[in-house]
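Enquirer: Structure provided below as structure tokens; questions to follow.
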Amino acid sequence: MLTSSGIHAAAGPSLRAGLAVLLLATAPFGAAAQEYHVDLNADNVVRFISEATIEDFEGVTERIDGFIVLGDGGLVSGATAGSDFYLEVDLGSLDTGIGLRNRHMRDNYLETDRFPYATFSGSFAEVSEGNDGWKRVTGAGDLGIHGVSRSVEVACDVAPAGSGFRARCSFEVLLSDFDIEIPKVMFMKLADEIRLELDFFVTPAHLEGESP
Amino acid sequence: MKAAVNRIVLYSLTALLLTASALTAQERNWERRSAPVDVPVTVFHSPQSANLPTAETLQSGEWLFEISHRFFPAVSEGADALWGFDGPVYNRLGLAYAPTDRLLIGIVRTNLHDNLDLNAKVRIAEGGQGATPWMMGVSGGVAFNTEAPLGADDNEVQAYGQAIFNVLLGDRFAVGVVPSALYNPTIRLATREVDFALGLNAQLYLSEQASFLAEWVVSPTHPDLDPAEFEHDSGSFGIELETGGHFFKVLLTNQIRMNPAQYLAGSLDAFEAGQWRVGFNVTRLLHF
């Protein structure tokens, strides 16, 4: 029977050196890191909310996908090492309730034929305790919309849900920061500042396809 | 012997660690699980041209409210008639609802004979996304003339059916062909026949907000009517502005009748510059 002490006893200098190299090579994939994928079967929702002077409206979609990797510490206050994430939203699926306005959003502003996804990738900057079992997680990374990438910090509330987590995020962006031009005519009713709200669920990648 | 054990242990551990590493790396190797959603085919942006229907429908749950005017005086009457804007006008109010993405049901009323029109339109098929978008539909309706003119029965009924073929050429030029059948086109006559008309319409999209539109309706002649109130074909042209929830059409036309049971029968005036009238259609899309 080969035990860890047995290995240590049996290992000569060359074996120990080989093990060291192997462990270093595989260090980025530490066994404690856990990857989660967006649960496509959950009630995910992403809202793009425009609050203009004349008219408010929101574009809604459930088509969010991506992954979150929690580092060695998991979702623990103060522990952010080894974490990263990538999220994307299918902008062509945004529904404002009016087909014509959807087409204007797709064709005039977001140009979804060229830039079909809004993406957000980065890592956790901070994890702290929130209220009612939620944790406050700050993510810092690059937000990509309309082919333009901007560095942003986004605060999300995250709580355990089933075998994974539920995340709720809200933040504002300026369309002008992403080279999206709003026609300067009186009857256009799209605000430059858009509030994005994300509410989505992730499950461990190895349980993908199973109910949480 | 010790060296052999070392090699065995090292190889075994290598295999284990590489396997574990590969598995972990595979977990991180997230892949997109679906392609971007297919966007709907669009040919004409609006569900209607000046008068003719397009095959475009609304999104399920949407409402469409319409107010349209056709001014009586001709633009050629000049300043005395404020270049046609003095009125009076034929007025049309309409409301439509989309129970599904493909079905549009509506009611429109014009003050010409207080014609009340109950209608429906179905988008049957579409395709050509990314190449030459096309769309087909049918529409039909029943109209009641609740203020019947001399010679007509009270609430005299008319009916019509239209096939709609639309295609978009070169991303900007939409063309429509609308063969139509009309039952009881001349309510002032005792005879109740079925006539056929052919609608043709086109729209050139200058941008996502502005376009030129034109339409022509070839109508049957009715020489037995005096005056020949349906003698001429109908022509309209103008501009359309669209926002996220509105279509604004401003038109010049020789046809001041707006409901299908009326404009399909023909026009009193010829399509000549001296007979052009001003008209507008304003539609508002709503979602509650």
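Derivation of every value follows stated rules applied to the coordinates shown; laboratory data play no part. Everything numeric in this text was worked out from a predicted model, so none of it was measured. A quick note on method: Cβ atoms are made from the backbone with ideal geometry, for glycine too, and the neighbour counts reach across all protein chains shown.
Enquirer: At 7 Å along the Cα-to-beta-carbon direction for both A:Asp95 and B:Ala270, put a label point, then send me their distance in nm to one decimal.
Expert: It is 5.3 nm.
Enquirer: For region A:126-178, what is the per residue volume of the convex hull drawn over the alpha-carbon atoms, in cubic angstrom?
Expert: Working: hull volume 4.7 nm³, N = 53.
Value for region A:126-178: 89 Å³ per residue.
Enquirer: Considering only A:Phe120, A:Ile64, A:Leu87, whose Cα is most displaced toward the positive end of the charge dipole of region A:34-207, charges sitting on Cβ of Lys, Arg (+1) and Asp, Glu (-1)?
Expert: Toward the positive end, the furthest listed residue is A:Ile64.
Enquirer: Next up: Mind pulling the angle between the C-alpha long axis of helix B:2-28 and the longest principal axis of chain B? Nearest 10 degrees, somewhere in 0 to 90.
Expert: The answer is roughly 10 degrees.
Enquirer: I've got another one for you. Could you give P(r) for region A:34-207, binned at 10 Å from zero, as whole percent values over all Cα-Cα pairs?
Expert: 10, 39, 32, 16, 4, 0
Enquirer: With r defined as the distance between the Cβ atoms of B:Arg32 and B:Leu189 and R0 fixed at 56 Å, what FRET efficiency is calculated, to the nearest 0.05?
Expert: Working: r = 66 Å, r/R0 = 1.17.
Once rounded, the FRET efficiency stands at 0.30.
Enquirer: Using the number of other C-beta atoms within 10 angstrom as an exposure proxy, rank A:Asp107, A:Asp199, B:Asp80, A:Asp56 with the fewest first. Before the final figure, lay out each step's value.
Expert: Working: A:Asp107 14, A:Asp199 19, B:Asp80 8, A:Asp56 11.
Listed from fewest to most nearby Cβ atoms, that is B:Asp80, A:Asp56, A:Asp107, A:Asp199.
Enquirer: Can you pull the one-decimal nm distance between simple spin-label points at A:Asp107 and A:Glu153, each 7 Å off the Cα toward Cβ?
Expert: So the label points at A:Asp107 and A:Glu153 sit 4.1 nm apart.
Enquirer: Let's see if you can work this out: charge +1 on each Lys and Arg Cβ, -1 on each Asp and Glu Cβ, no other charges. What is the dipole magnitude of region A:34-207 about its Cα centre, in debye to the nearest 20?
Expert: Numbers: 14 positive and 31 negative charges, 33 e Å.
The dipole magnitude comes to about 160 debye.
Enquirer: Same structure again: Taking each residue of B:243-249 in turn, how many C-beta atoms of other protein chains fall within 10 Å of its C-beta, and what is the average?
Expert: Numbers: counts 11, 16, 10, 3, 1, 1, 0.
If you average over the peptide's residues, the count of other-chain Cβ atoms is 6.
Enquirer: Okay, moving on. Over the whole of A:99-110, what's the average partner chain Cβ count within 10 Å per residue? Rounded to a whole number, please.
Expert: On the way: counts 15, 17, 7, 4, 8, 7, 1, 4, 3, 4, 1, 0.
Partner-chain Cβ atoms within 10 Å, mean over residues of A:99-110: 6.
Enquirer: What is the extension gain from B:Leu169 to B:Asp101, computed as 0.36 nm multiplied by their sequence separation minus the C-alpha to C-alpha distance, in nm to one decimal? If you can, show how the numbers build up before the last one.
Expert: Numbers: separation 68, 0.36 × 68 = 24.48 nm, distance 2.37 nm.
In short, 22.1 nm is gained.
Enquirer: With a bin width of 5 angstrom, please list the P(r) values of region B:81-126 as percents of all Cα-Cα pairs, from the 0 bin to the one holding the largest distance.
Expert: Bin by bin from 0 Å, the calculated values are 5, 18, 19, 15, 13, 12, 8, 7, 3, 0.
Enquirer: Still on this structure, I have one more. For A:Asp56 and B:Ile239, FRET efficiency with R0 = 22 Å and r from the beta-carbon atoms, rounded to 0.05?
Expert: Numbers: r = 29 Å, r/R0 = 1.31.
In this case the efficiency is close to 0.15.
Enquirer: Right, another one. On average, how many beta carbons from a partner chain sit within 10 Å of the beta carbon of a residue in B:54-62?
Expert: Per residue, the average neighbour count from other chains is 3.
Enquirer: Distance between the C-alpha centers of region A:98-148 and region B:71-110? Whole Å please.
Expert: Taking the Cα centre of each part, region A:98-148 and region B:71-110 sit 43 Å apart.
Enquirer: I need A:Glu88, A:Glu51, A:Glu111 ordered by Cβ neighbour count within 10 Å, fewest first. Please report the intermediate quantities before stating the final value.
Expert: Values: A:Glu88 19, A:Glu51 12, A:Glu111 16.
Result, fewest neighbours first: A:Glu51, A:Glu111, A:Glu88.
Enquirer: Using +1 on the beta carbon of Lys and Arg, -1 on that of Asp and Glu, and nothing else charged, what's the dipole of chain B about the Cα centre, debye to 20? Provide the component values of the computation, followed by the final result.
Expert: Working: 18 positive and 31 negative charges, 444 e Å.
Result for chain B is approximately 2140 debye, rounded to the nearest 20.
Enquirer: Have a look at B:Gln262, B:Gln59, B:Gln162 and tell me which one the Gaussian network model of chain B (Cα, springs below 10 Å) gives the largest fluctuation.
Expert: Most flexible of the set in this elastic network: B:Gln59.
Enquirer: Using a 10 Å cut-off around each Cβ, can you sort B:Phe280, B:Phe65 from fewest to most neighbouring Cβ atoms? Before the final figure, lay out the partial values.
Expert: Working: B:Phe280 16, B:Phe65 13.
In increasing order of surrounding Cβ atoms, one gets B:Phe65, B:Phe280.
Enquirer: Can you give me the P(r) profile for region B:63-286? Cα pairs, bins 10 angstrom wide beginning at 0, each as a whole percent.
Expert: 8, 30, 40, 18, 4, 0
Enquirer: Work out which trypsin sites (Lys or Arg not before Pro) in chain B are exposed loop sites (DSSP not H, G, I, E or B, at most 12 other Cβ within 10 Å) and give the longest gap free of them. Before the final figure, lay out the partial values.
Expert: On the way: sites that count: B:Arg32, B:Arg33, B:Arg172.
Answer - B:34-171.
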